[in-house]
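Participant: My questions will all concern the structure given below.
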Amino acid sequence: MANLGFVGLGVMGGNMVARLLDKGHTVTGYNRTKSKAQWLIDRGMKWADSPRAVAQASDVVFTMVTNAAALEAVHEGPDGLLAGLSAGKFLIDMSTVSPDVSRALAEKVRAKGADMIDAPVSGSVITLQQGKLSVMVGGRKETFERLKQLLLDIGPKVTYVGDNGVALSMKIAVNLSLAVQMLAFSEGVLLAEKSGIAREVAVDVLVHSAVASPMIQYRGPFVLQQPEEAWFDVNMMQKDMLLAMDLGRKLNVPVPTTALTNEFLTAARAMGWEKQDFAVVFNVLARMAGVQK
(Lines give C-alpha, C1' and ligand atoms only; values in the text may rest on other atoms or scores of the structure.)
Protein backbone atom coordinates (compact mmCIF):
# COMPACT_ATOMS: atom_id res chain seq x y z
CA MET A 1 0.00 0.00 0.00
CA ALA A 2 1.28 3.42 -0.92
CA ASN A 3 1.21 6.85 0.69
CA LEU A 4 -0.40 8.91 -2.07
CA GLY A 5 -1.46 12.49 -2.71
CA PHE A 6 -4.04 13.77 -5.17
CA VAL A 7 -4.61 17.35 -6.32
CA GLY A 8 -7.72 18.06 -8.41
CA LEU A 9 -10.78 16.24 -7.12
CA GLY A 10 -13.29 16.90 -9.89
CA VAL A 11 -15.52 14.22 -11.38
CA MET A 12 -12.65 12.13 -12.77
CA GLY A 13 -10.06 12.91 -10.11
CA GLY A 14 -12.50 12.27 -7.29
CA ASN A 15 -13.53 8.90 -8.66
CA MET A 16 -9.87 7.96 -9.11
CA VAL A 17 -9.26 8.72 -5.45
CA ALA A 18 -12.23 6.53 -4.56
CA ARG A 19 -10.66 3.62 -6.45
CA LEU A 20 -7.29 4.18 -4.78
CA LEU A 21 -8.94 4.23 -1.35
CA ASP A 22 -10.77 1.01 -2.21
CA LYS A 23 -7.38 -0.57 -3.00
CA GLY A 24 -6.22 0.25 0.53
CA HIS A 25 -3.93 3.19 -0.24
CA THR A 26 -3.59 6.18 2.05
CA VAL A 27 -4.58 9.30 0.09
CA THR A 28 -4.11 12.93 1.05
CA GLY A 29 -6.10 15.26 -1.18
CA TYR A 30 -6.57 18.90 -2.08
CA ASN A 31 -9.16 20.64 -4.22
CA ARG A 32 -9.80 24.33 -4.75
CA THR A 33 -13.36 23.83 -3.44
CA LYS A 34 -13.23 21.66 -0.33
CA SER A 35 -16.97 20.95 -0.29
CA LYS A 36 -16.62 18.97 -3.54
CA ALA A 37 -14.19 16.65 -1.76
CA GLN A 38 -16.31 16.04 1.33
CA TRP A 39 -17.61 12.70 0.07
CA LEU A 40 -14.02 11.50 -0.22
CA ILE A 41 -13.12 12.79 3.24
CA ASP A 42 -16.12 10.84 4.53
CA ARG A 43 -14.65 7.74 2.88
CA GLY A 44 -11.30 8.17 4.60
CA MET A 45 -9.27 10.55 2.43
CA LYS A 46 -7.04 12.89 4.41
CA TRP A 47 -7.41 16.60 3.65
CA ALA A 48 -4.54 19.04 3.09
CA ASP A 49 -4.91 22.82 2.92
CA SER A 50 -2.58 23.34 -0.06
CA PRO A 51 -0.90 21.45 -2.90
CA ARG A 52 2.41 21.94 -1.08
CA ALA A 53 1.02 20.16 1.97
CA VAL A 54 -0.14 17.28 -0.23
CA ALA A 55 3.36 16.88 -1.69
CA GLN A 56 4.98 17.03 1.74
CA ALA A 57 2.65 14.33 3.07
CA SER A 58 3.00 11.92 0.13
CA ASP A 59 5.53 9.75 -1.64
CA VAL A 60 3.64 9.85 -4.95
CA VAL A 61 1.39 12.75 -5.95
CA PHE A 62 -1.26 12.65 -8.69
CA THR A 63 -2.56 15.81 -10.33
CA MET A 64 -5.59 16.08 -12.57
CA VAL A 65 -6.69 19.60 -13.44
CA THR A 66 -8.51 21.25 -16.33
CA ASN A 67 -5.83 23.07 -18.34
CA ALA A 68 -2.32 24.52 -18.42
CA ALA A 69 -3.29 27.57 -16.34
CA ALA A 70 -4.73 25.35 -13.60
CA LEU A 71 -1.66 23.12 -13.75
CA GLU A 72 0.59 26.13 -13.20
CA ALA A 73 -1.63 27.34 -10.36
CA VAL A 74 -1.29 24.12 -8.36
CA HIS A 75 2.46 23.74 -8.95
CA GLU A 76 3.92 27.23 -8.68
CA GLY A 77 4.23 29.62 -5.74
CA PRO A 78 4.96 29.13 -2.04
CA ASP A 79 1.94 26.83 -1.58
CA GLY A 80 2.44 24.93 -4.84
CA LEU A 81 3.34 21.30 -5.32
CA LEU A 82 6.88 22.06 -6.44
CA ALA A 83 7.57 23.73 -3.10
CA GLY A 84 6.61 20.50 -1.34
CA LEU A 85 8.47 18.04 -3.55
CA SER A 86 11.82 16.63 -2.46
CA ALA A 87 14.30 14.03 -3.62
CA GLY A 88 12.90 10.55 -4.14
CA LYS A 89 9.28 11.62 -4.61
CA PHE A 90 7.20 11.17 -7.74
CA LEU A 91 4.58 13.17 -9.60
CA ILE A 92 1.99 11.58 -11.90
CA ASP A 93 0.23 14.29 -13.91
CA MET A 94 -3.01 13.08 -15.51
CA SER A 95 -4.08 16.47 -16.89
CA THR A 96 -4.54 17.01 -20.63
CA VAL A 97 -2.24 19.86 -21.62
CA SER A 98 0.20 20.42 -24.48
CA PRO A 99 3.24 18.13 -24.64
CA ASP A 100 5.53 21.17 -24.32
CA VAL A 101 3.85 22.28 -21.09
CA SER A 102 4.21 18.79 -19.65
CA ARG A 103 7.88 18.51 -20.58
CA ALA A 104 8.62 21.89 -19.00
CA LEU A 105 6.96 20.76 -15.76
CA ALA A 106 8.94 17.52 -15.77
CA GLU A 107 12.18 19.53 -15.91
CA LYS A 108 11.13 21.54 -12.85
CA VAL A 109 10.18 18.38 -10.97
CA ARG A 110 13.57 16.79 -11.72
CA ALA A 111 15.33 19.94 -10.55
CA LYS A 112 13.85 19.14 -7.12
CA GLY A 113 15.36 15.65 -7.19
CA ALA A 114 11.97 14.06 -7.85
CA ASP A 115 10.65 12.54 -11.08
CA MET A 116 7.46 12.84 -13.14
CA ILE A 117 5.45 10.87 -15.64
CA ASP A 118 2.51 12.19 -17.64
CA ALA A 119 -0.41 9.76 -17.57
CA PRO A 120 -3.52 11.07 -19.37
CA VAL A 121 -6.48 8.72 -19.60
CA SER A 122 -9.02 7.63 -22.18
CA GLY A 123 -12.55 7.06 -20.96
CA SER A 124 -15.39 8.67 -19.05
CA VAL A 125 -16.50 8.61 -15.44
CA ILE A 126 -18.63 5.56 -16.27
CA THR A 127 -15.60 3.81 -17.80
CA LEU A 128 -13.63 4.65 -14.67
CA GLN A 129 -16.33 3.41 -12.30
CA GLN A 130 -16.64 0.19 -14.28
CA GLY A 131 -12.90 -0.38 -14.05
CA LYS A 132 -12.30 -0.06 -17.79
CA LEU A 133 -10.22 3.11 -17.99
CA SER A 134 -7.18 3.22 -20.30
CA VAL A 135 -4.02 5.08 -19.25
CA MET A 136 -1.22 6.31 -21.55
CA VAL A 137 2.15 7.05 -19.98
CA GLY A 138 5.14 9.19 -20.95
CA GLY A 139 8.40 9.55 -19.03
CA ARG A 140 11.43 7.58 -18.01
CA LYS A 141 10.84 3.85 -18.49
CA GLU A 142 12.24 2.94 -15.07
CA THR A 143 9.91 5.43 -13.37
CA PHE A 144 6.96 4.02 -15.31
CA GLU A 145 7.81 0.49 -14.16
CA ARG A 146 8.03 1.65 -10.56
CA LEU A 147 4.65 3.39 -10.66
CA LYS A 148 2.77 1.09 -13.03
CA GLN A 149 0.90 -0.82 -10.34
CA LEU A 150 -0.59 2.40 -8.95
CA LEU A 151 -1.96 3.19 -12.40
CA LEU A 152 -3.33 -0.35 -12.72
CA ASP A 153 -5.25 0.30 -9.51
CA ILE A 154 -7.07 3.06 -11.43
CA GLY A 155 -7.56 1.32 -14.78
CA PRO A 156 -6.75 -2.11 -16.30
CA LYS A 157 -5.04 -0.88 -19.47
CA VAL A 158 -1.78 0.98 -18.91
CA THR A 159 0.46 1.60 -21.93
CA TYR A 160 3.94 3.10 -21.96
CA VAL A 161 4.29 5.17 -25.13
CA GLY A 162 7.62 6.98 -24.74
CA ASP A 163 9.32 10.00 -23.20
CA ASN A 164 7.64 12.84 -21.34
CA GLY A 165 4.95 14.55 -23.42
CA VAL A 166 4.45 11.72 -25.89
CA ALA A 167 1.50 10.31 -23.95
CA LEU A 168 -0.18 13.68 -24.25
CA SER A 169 0.23 13.61 -28.03
CA MET A 170 -1.50 10.23 -27.91
CA LYS A 171 -4.29 11.55 -25.68
CA ILE A 172 -4.89 14.51 -28.00
CA ALA A 173 -5.05 12.09 -30.93
CA VAL A 174 -7.72 10.10 -29.09
CA ASN A 175 -9.83 13.05 -28.00
CA LEU A 176 -10.09 14.75 -31.36
CA SER A 177 -11.76 11.58 -32.65
CA LEU A 178 -14.36 11.62 -29.86
CA ALA A 179 -15.81 14.96 -30.95
CA VAL A 180 -15.59 14.10 -34.64
CA GLN A 181 -17.42 10.82 -34.04
CA MET A 182 -20.11 12.60 -32.04
CA LEU A 183 -20.79 15.05 -34.85
CA ALA A 184 -20.98 12.22 -37.42
CA PHE A 185 -23.34 10.30 -35.14
CA SER A 186 -25.52 13.41 -34.85
CA GLU A 187 -25.71 13.68 -38.64
CA GLY A 188 -26.94 10.09 -38.85
CA VAL A 189 -29.58 10.58 -36.16
CA LEU A 190 -30.93 13.70 -37.82
CA LEU A 191 -31.05 12.15 -41.29
CA ALA A 192 -33.07 9.28 -39.84
CA GLU A 193 -35.32 11.59 -37.84
CA LYS A 194 -36.15 13.83 -40.78
CA SER A 195 -36.91 10.69 -42.79
CA GLY A 196 -39.72 9.97 -40.32
CA ILE A 197 -37.91 7.65 -37.90
CA ALA A 198 -38.36 8.39 -34.20
CA ARG A 199 -35.20 9.77 -32.64
CA GLU A 200 -35.25 7.09 -29.95
CA VAL A 201 -35.39 4.37 -32.59
CA ALA A 202 -32.58 5.93 -34.62
CA VAL A 203 -30.36 6.16 -31.56
CA ASP A 204 -31.11 2.57 -30.58
CA VAL A 205 -30.23 1.28 -34.05
CA LEU A 206 -27.03 3.32 -34.33
CA VAL A 207 -25.66 2.42 -30.89
CA HIS A 208 -26.11 -1.26 -31.78
CA SER A 209 -24.68 -0.95 -35.28
CA ALA A 210 -21.26 -1.28 -36.87
CA VAL A 211 -20.55 2.42 -36.21
CA ALA A 212 -20.98 2.08 -32.44
CA SER A 213 -17.62 2.70 -30.79
CA PRO A 214 -17.57 2.44 -26.98
CA MET A 215 -17.93 6.25 -26.86
CA ILE A 216 -21.00 6.19 -29.11
CA GLN A 217 -22.53 3.44 -27.01
CA TYR A 218 -22.41 5.43 -23.79
CA ARG A 219 -22.66 8.99 -25.14
CA GLY A 220 -25.06 8.48 -28.07
CA PRO A 221 -28.12 8.42 -25.78
CA PHE A 222 -27.17 11.96 -24.66
CA VAL A 223 -28.88 13.26 -27.80
CA LEU A 224 -32.11 12.13 -26.11
CA GLN A 225 -31.27 13.59 -22.70
CA GLN A 226 -28.15 15.32 -21.42
CA PRO A 227 -26.71 14.00 -18.12
CA GLU A 228 -27.37 16.08 -15.01
CA GLU A 229 -23.65 16.80 -14.78
CA ALA A 230 -21.55 16.93 -17.93
CA TRP A 231 -19.04 14.12 -18.21
CA PHE A 232 -16.85 16.26 -20.46
CA ASP A 233 -18.21 19.68 -21.24
CA VAL A 234 -17.91 21.80 -24.39
CA ASN A 235 -15.18 24.04 -22.95
CA MET A 236 -13.05 21.04 -22.02
CA MET A 237 -13.47 19.38 -25.39
CA GLN A 238 -12.74 22.58 -27.28
CA LYS A 239 -9.53 22.97 -25.29
CA ASP A 240 -8.44 19.55 -26.54
CA MET A 241 -9.50 20.29 -30.13
CA LEU A 242 -7.39 23.46 -30.08
CA LEU A 243 -4.47 21.43 -28.73
CA ALA A 244 -4.96 19.01 -31.62
CA MET A 245 -4.99 21.77 -34.22
CA ASP A 246 -1.90 23.37 -32.70
CA LEU A 247 -0.09 20.02 -32.71
CA GLY A 248 -1.21 19.43 -36.29
CA ARG A 249 0.30 22.76 -37.36
CA LYS A 250 3.59 22.00 -35.62
CA LEU A 251 3.83 18.53 -37.16
CA ASN A 252 2.43 19.41 -40.60
CA VAL A 253 -0.52 17.05 -40.17
CA PRO A 254 -3.81 18.32 -41.65
CA VAL A 255 -6.73 17.85 -39.24
CA PRO A 256 -9.72 18.99 -41.34
CA THR A 257 -12.46 17.10 -39.48
CA THR A 258 -11.08 18.39 -36.18
CA ALA A 259 -11.21 21.97 -37.44
CA LEU A 260 -14.77 21.57 -38.69
CA THR A 261 -16.01 19.94 -35.51
CA ASN A 262 -14.36 22.66 -33.47
CA GLU A 263 -16.64 25.21 -35.18
CA PHE A 264 -19.66 23.34 -33.85
CA LEU A 265 -18.21 23.56 -30.36
CA THR A 266 -17.82 27.31 -30.85
CA ALA A 267 -21.46 27.49 -31.95
CA ALA A 268 -22.50 25.52 -28.86
CA ARG A 269 -20.73 28.07 -26.67
CA ALA A 270 -22.44 30.91 -28.54
CA MET A 271 -25.79 29.28 -27.82
CA GLY A 272 -25.04 29.11 -24.08
CA TRP A 273 -24.30 25.38 -23.92
CA GLU A 274 -20.63 25.53 -22.93
CA LYS A 275 -21.21 23.71 -19.62
CA GLN A 276 -23.15 20.87 -21.20
CA ASP A 277 -21.56 17.62 -22.30
CA PHE A 278 -19.97 17.99 -25.73
CA ALA A 279 -22.68 15.69 -27.13
CA VAL A 280 -24.65 18.95 -27.32
CA VAL A 281 -23.15 19.40 -30.79
CA PHE A 282 -26.27 17.43 -31.77
CA ASN A 283 -28.41 20.38 -30.66
CA VAL A 284 -26.36 22.75 -32.79
CA LEU A 285 -26.77 20.57 -35.87
CA ALA A 286 -30.46 19.99 -35.10
CA ARG A 287 -31.09 23.73 -34.96
CA MET A 288 -29.36 24.14 -38.33
CA ALA A 289 -31.56 21.36 -39.72
CA GLY A 290 -34.74 23.01 -38.43
CA VAL A 291 -35.34 20.31 -35.83
CA GLN A 292 -36.44 21.20 -32.33
CA LYS A 293 -34.42 19.34 -29.68
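Participant: Based on what the data block shows, is Ala192 more than 14 Å from the chain's Cα centre (by Cα), under 29 Å from Leu224 (Cβ atoms) and among the small types (Gly, Ala, Ser)?
Facilitator: Yes; evaluated as a whole, the condition is true for this residue.
Participant: Of the residues in region 149-175, how many are more than 30 Å from Phe222 (Cβ to Cβ) and in contact (Cβ under 8 Å) with a residue 12 or more places away in the chain?
Facilitator: Residues flagged as more than 30 Å from Phe222 (Cβ to Cβ) and in contact (Cβ under 8 Å) with a residue 12 or more places away in the chain within region 149-175 amount to 7.
Participant: With the checklist (1) assigned to a loop (DSSP other than H, G, I, E, B); (2) out of contact with any Lys or Arg (no Cβ under 6 Å at 6 or more places or on another chain) in hand, flag the one item Val161 doesn't pass.
Facilitator: Every condition holds for Val161 apart from (1).
Participant: Within the bounds of region 269-287, is there any residue that is free of Cβ contacts under 8 Å to residues at least 60 places away in the same chain and on the phi > 0 side of the Ramachandran plot?
Facilitator: Checking region 269-287: at least one residue is free of Cβ contacts under 8 Å to residues at least 60 places away in the same chain and on the phi > 0 side of the Ramachandran plot.
Participant: Filter region 204-234 down to residues that are open to solvent by 20 Å² or more (accessible area, probe 1.4 Å) and of a type in the set (Val, Ile, Thr) and give me whichever is modelled with the lowest pLDDT.
Facilitator: Val211
Participant: Would you pick out the residues in region 117-172 that are touching a Leu at 6+ places or on another chain (Cβ under 7 Å) and among the charged types (D, E, K, R)?
Facilitator: Selection gives Asp118, Asp153.
Participant: Go through region 176-232 residue by residue and tally those that are over 30 Å from Asp246 (Cα atoms), touching a residue at least 24 places away in the same chain (Cβ under 8 Å) and part of a helix (DSSP H, G or I).
Facilitator: Qualifying residue count for the region: 6.
Participant: Out of curiosity, is Thr257 open to solvent by 50 Å² or more (accessible area, probe 1.4 Å), under 22 Å from Pro120 (Cβ atoms) and either touching a Phe, Trp or Tyr at 6+ places or on another chain (Cβ under 8 Å) or in a helix (DSSP H, G or I) (or both)?
Facilitator: yes
Participant: Across region 102-126, what is the number of residues that are among the aliphatic types (A, V, I, L, M), modelled with pLDDT under 95 and either open to solvent by 10 Å² or more (accessible area, probe 1.4 Å) or farther than 15 Å from Pro156 by Cα (or both)?
Facilitator: Residues meeting the conditions: 2.
Participant: Okay, next question. So, in region 26-44, exactly how many residues are in contact with a Ser or Thr (Cβ under 7 Å, 6 or more places away or on another chain) and either under 17 Å from Val11 (Cβ atoms) or without any contact (Cβ under 8 Å) to a residue 24 or more places away in the chain (or both)?
Facilitator: Number satisfying all stated conditions: 1.
Participant: Are there any helices (runs of 4 or more DSSP H) wholly within region 39-152 with 1 or more residues that are in contact with a strand residue (DSSP E or B) (Cβ under 6 Å, 6 or more places away or on another chain), and if so which?
Facilitator: The qualifying helices (runs of 4 or more DSSP H) are 51-57, 68-75, 99-111, 141-152.
Participant: Taking the stated definitions as given, is Lys132 open to solvent by 10 Å² or more (accessible area, probe 1.4 Å), free of Cβ contacts under 8 Å to residues at least 40 places away in the same chain, within 23 Å of Glu229 (Cβ to Cβ) and among the charged types (D, E, K, R)?
Facilitator: For Lys132, the condition - open to solvent by 10 Å² or more (accessible area, probe 1.4 Å), free of Cβ contacts under 8 Å to residues at least 40 places away in the same chain, within 23 Å of Glu229 (Cβ to Cβ) and among the charged types (D, E, K, R) - is met.
Participant: Now for a different question. Tell me, please, whether a residue that is touching a helix residue (DSSP H, G or I) at 6+ places or on another chain (Cβ under 9 Å), closer than 25 Å to Trp231 by Cβ, open to solvent by 60 Å² or more (accessible area, probe 1.4 Å) and β-branched (Val, Ile, Thr) can be found in region 26-39.
Facilitator: Checked against the condition, which is being touching a helix residue (DSSP H, G or I) at 6+ places or on another chain (Cβ under 9 Å), closer than 25 Å to Trp231 by Cβ, open to solvent by 60 Å² or more (accessible area, probe 1.4 Å) and β-branched (Val, Ile, Thr), region 26-39 yields no hits at all.
The values are calculated or read from the model by the stated rules, or taken from the named source; none is laboratory data. Computed from a predicted structure; not experimentally measured. Note that we place each Cβ from the backbone using ideal geometry, even for glycine, and neighbour counts take in every protein chain shown. Accessible surface areas use protein heavy atoms only, side chains included; no ligands, DNA or RNA. Shrake-Rupley method; radii C 1.70, N 1.55, O 1.52, S 1.80 Å.
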